[in-house]
Amino acid sequence: MAPPSGNASRPARALIALAALIVVLLFAVVGADITNPGAWHKHFAVPLGLDLTSGTIVALKAERPGGGTPSSAEMSQALAIMSNRVNGAGFTGASVVPQGNNVITVSVPGGSAQAVVNLVKRTAQLQLRQVLLEAPNTSTALPTPTPSASAAPVSSATPSPSGKASPSASGKPTASTSASPSGKASPKPTASGGATPSPSASPAATSGVSTWQQAQGDAALVSPHVKALFNELNCTNKNWQKQVGYTAQQYNTQDIQTVSCGQINGVWYKYALDKAHVIGTMISSASAQPDTTSTGWLVTINFKSNGTSAFASLTSQMFAKYQGSPSTPENYIAMVLDGSVASTAYIAASILNGQAQISGSFSQSQATTLANQLSYGALPLSFTPEQAQSISPTLGHDQLDAGLIAAGIGLILVLIYLIVYYRALALVSALSLIIAGWLAYLSVLLLGEYARFTMTLAGIAGLIVAIGITADSFVVFFERLRDEVRDGRSLRAAVERGWVRARRTILVSDTVSFLAAALLYIFAIGEVRGFAFTLGLTTIIDVVVVFTFTKPMVTLLARTKFYGGGHPMSGLDPARLGARAPWRGTARPATARVRTSTAKES
């Protein structure tokens, strides 16, 4: 007989490897909180999809700016931009799918639904406009500014008249670290933060919303019509766009001055802006990166060829006139998306190479949001909400309960069958299913933490089907094992020979299941992909469990008297299995020999 395999003689190695895998998964799930056990609980909640929790589904109808049905190419571009916005914003479980020729459906789970809907609804082109006037949108008296040498950049981010309540930014070439004197942007001085506003400020208001006469900037650069709009503009009015009579199409017009609003840390600021010299289609990419010169983050922008020349011309003119001053409002560029100011940055140097950085000790979320707005701000179509549906937490909870009940019933039925048919050998199956379920749970948590995976009702269906696939692997192995017992081999020998015959069948079966799941995931859309994903994931887990737990555990049990001796309740009783001969290597029972007499002897 061939010697036992290494897995047979050293089953403990496989079990230790499985235990190590589980420990690694646990540590990966806990992540940075590994030293803070009190915070572990927040990592062990399965991220749920829209159909299992509350959320919003909005259908957006697409139209060309000039009217008419959009082309398939325009719809594909808009779909890609919306998907990039949603994925780049880090929202889990959100989906953006087309319906028909001119409708895109956005589905978002959880309480952040409205934020994502607002993100994808933004239809105007991203525009970079020079700030001409700026003022906080306030009805209280503004301080009367006086020229002072103390109006130098301060070292900490504080709210400013330029709307820099979040860290301010400076455009600087990526090839240089000395675009500004400090090597990075400093926030603009504020009227309330100890520094005196710049000399360009006008007399203060005594009452009412700030007017252009009270704003900081150069009023001589602003047309009379825009001055009147600036005076009329009240950013605290949620319909401020309609208040000044602007439509989305007018906001997309590049060659006119305009007014706009931006909210920074809950404070509204109003702006008069120059013509748009650079638009979103001129930007090739933007990304958020850690700032190596500080503990914050920055945004790196790469321009296309036409954007490189346009941005070089704009920054060269501004730097030549304002010498990189962070305290001059006209030295700031406003990034306008859908008519609203998303952020502002001052120009600290001429940027000629088509690469720029926006810095200023951003947080990671601030930098990521700004990078997404810069990268995905140019939708080729306009969208209007056509239908909105809210899924209540009650409905999602009911569906989750139904899925879990179905999974529990399926698991119980499988265990009952295994116990009836395999008796005590079913203990190995039960433990294997528990291990497989634990690995699947940790995998889902890990994918939710790092890959924004969410569990849907279709995904739960994939887990239920996987119970049968996993049990099928046990059945294949156990039947091969029992065949060897029927041939009269001892259990220890039967385990090895049966495993050699069973593992090929198990691998072939799981490979077919995995390929089917992979193809379904690639070619399917919507919720079907959730089913395919969990099916493929649990198929891989099945292979891991069978090789690292089921087979080594059976090897260890074969060395016990209960299983190795063929106890009637072990499920491996030779007599019950109809063995053709007693187990080889066991003692044969003694039989009495009776000598018969013959006539000849008598």
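Scan 6, 90, 66 and give me the residue that is under 21 Å from residue 108 (Cα atoms), modelled with pLDDT under 80 and either outside the structural domain of residue 554 (by TED's automatic domain parsing) or surrounded by fewer than 18 Cβ atoms within 10 Å (Cβ to Cβ) (or both). Break it down stepwise before answering.
Numbers: 6 fails: under 21 Å from residue 108 (Cα atoms); 66 fails: under 21 Å from residue 108 (Cα atoms).
On inspection, the qualifying residue turns out to be 90.
When 559, 576, 584, 593 are screened for being basic (Lys, Arg) and modelled with pLDDT of 85 or more, only 559 passes. When both residues are 6+ apart or on different chains and their Cβ atoms are under 6 Å apart, which pairs have a first residue that lies in segment 532-543 and is not assigned by TED's automatic domain parsing to the domain that holds residue 517, and a second that is of a type in the set (Gly, Ala, Ser) and modelled with pLDDT of 95 or more? Short answer, once both residue conditions are applied: none. Would it be correct to say that residue 473 is among the small types (Gly, Ala, Ser) and more than 26 Å from residue 533 (Cα to Cα)? No.
For (1) part of a helix (DSSP H, G or I); (2) modelled with pLDDT of 90 or more; (3) touching a strand residue (DSSP E or B) at 6+ places or on another chain (Cβ under 8 Å), each residue gets a yes or a no:
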position	(1), (2), (3)
384	no, no, yes
397	yes, no, no
411	yes, no, no
437	yes, yes, no
441	yes, yes, no
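A residue that is of a type in the set (S, T, N, Q) and surrounded by fewer than 20 Cβ atoms within 10 Å (Cβ to Cβ) cannot be found anywhere in segment 326-339.
Do you know which of the residues in segment 95-119 that are closer than 10 Å to residue 56 by Cα and small (Gly, Ala, Ser) is modelled with the highest pLDDT? By that ranking, first place goes to 107. What is the residue count in segment 31-63 for residues that are polar (S, T, N, Q), surrounded by 14 or more Cβ atoms within 10 Å (Cβ to Cβ) and not in a loop (DSSP other than H, G, I, E, B)? The number of residues fulfilling the criteria is 1.
Here is a yes/no grid of residues against (1) at pLDDT 90 or above; (2) crowded, with 23+ Cβ neighbours inside 10 Å; (3) out of contact with any Gly (no Cβ under 9 Å at 6 or more places or on another chain); (4) farther than 27 Å from residue 409 by Cα:
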position: 459; (1), (2), (3), (4): no, yes, no, no
position: 480; (1), (2), (3), (4): yes, no, no, yes
position: 527; (1), (2), (3), (4): no, no, no, no
position: 532; (1), (2), (3), (4): yes, no, no, no
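A Cβ distance below 7 Å, combined with a sequence gap of six or more or placement on separate chains, defines the contacts here; from segment 480-492, residues that are at positive phi reach residues that are of a type outside the set (Lys, Arg) in the pairs 488/579; 488/581; 488/582; 488/583.
Residues checked against (1) of a type in the set (Ser, Thr, Tyr); (2) assigned by TED's automatic domain parsing to the domain that holds residue 266; (3) free of Cβ contacts under 8 Å to residues at least 60 places away in the same chain; (4) over 18 Å from residue 131 (Cα atoms):
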position: 284; (1), (2), (3), (4): yes, yes, yes, yes
position: 289; (1), (2), (3), (4): no, yes, no, yes
position: 296; (1), (2), (3), (4): no, yes, no, yes
position: 300; (1), (2), (3), (4): yes, yes, no, yes
position: 319; (1), (2), (3), (4): no, yes, yes, no
position: 330; (1), (2), (3), (4): no, yes, no, no
position: 334; (1), (2), (3), (4): no, yes, no, no
position: 343; (1), (2), (3), (4): yes, yes, no, no
position: 356; (1), (2), (3), (4): no, yes, no, yes
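For (1) in contact with a strand residue (DSSP E or B) (Cβ under 7 Å, 6 or more places away or on another chain); (2) of a type in the set (Phe, Trp, Tyr); (3) in a loop (DSSP other than H, G, I, E, B); (4) within 26 Å of residue 463 (Cβ to Cβ), each residue gets a yes or a no:
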| residue | (1), (2), (3), (4) |
| --- | --- |
| 497 | no, no, no, no |
| 512 | no, no, no, yes |
| 532 | no, no, no, yes |
| 543 | no, no, no, yes |
| 548 | no, no, no, yes |
| 551 | no, no, no, yes |
| 554 | no, no, no, yes |
| 571 | no, no, yes, no |
| 575 | no, no, no, no |
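Which one of the conditions (1) crowded, with 23+ Cβ neighbours inside 10 Å; (2) closer than 17 Å to residue 464 by Cβ does residue 516 fail to meet, given that it meets all the rest? Residue 516 satisfies every listed condition except (1). Inspection of segment 315-335 finds a residue satisfying the criterion of being in contact with a Gly (Cβ under 9 Å, 6 or more places away or on another chain), β-branched (Val, Ile, Thr) and part of a strand (DSSP E or B).
Here's the yes/no breakdown for (1) assigned to a strand (DSSP E or B); (2) modelled with pLDDT of 85 or more:
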position	(1), (2)
271	yes, yes
275	yes, yes
289	yes, yes
294	no, no
299	yes, yes
306	no, yes
309	no, yes
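Does residue 28 satisfy the criteria of being more than 18 Å from the chain's Cα centre (by Cα), in a helix (DSSP H, G or I) and not aromatic (Phe, Trp, Tyr)? For residue 28, the condition - more than 18 Å from the chain's Cα centre (by Cα), in a helix (DSSP H, G or I) and not aromatic (Phe, Trp, Tyr) - is not met. Given (1) surrounded by 13 or more Cβ atoms within 10 Å (Cβ to Cβ); (2) of a type in the set (Gly, Ala, Ser); (3) modelled with pLDDT under 85, where does residue 28 come up short, assuming only one miss? Condition not satisfied by residue 28: (3).
Residues to consider are 493, 516, 502, 471; find the one that is over 30 Å from residue 570 (Cα atoms) and part of a helix (DSSP H, G or I). Don't jump to the end; show me each part of the working.
Details: 493 fails: over 30 Å from residue 570 (Cα atoms); 502 fails: over 30 Å from residue 570 (Cα atoms); 471 fails: over 30 Å from residue 570 (Cα atoms).
From the options 493, 516, 502, 471, the qualifying one is 516.
Contact annotation: residue pairs with Cβ atoms under 9 Å, 6 or more positions apart or on different chains, pairing a residue in segment 405-428 that is more than 16 Å from residue 476 (Cα to Cα) with a partner that is of a type in the set (Phe, Trp, Tyr), are 424/562; 424/563.
The values are calculated or read from the model by the stated rules, or taken from the named source; none is laboratory data. This structure is a prediction, so every number in the text was calculated from the model and none was measured. When we count neighbours, we look across all protein chains shown, and the Cβ atoms used for this are built from the backbone with ideal geometry, even at glycine.
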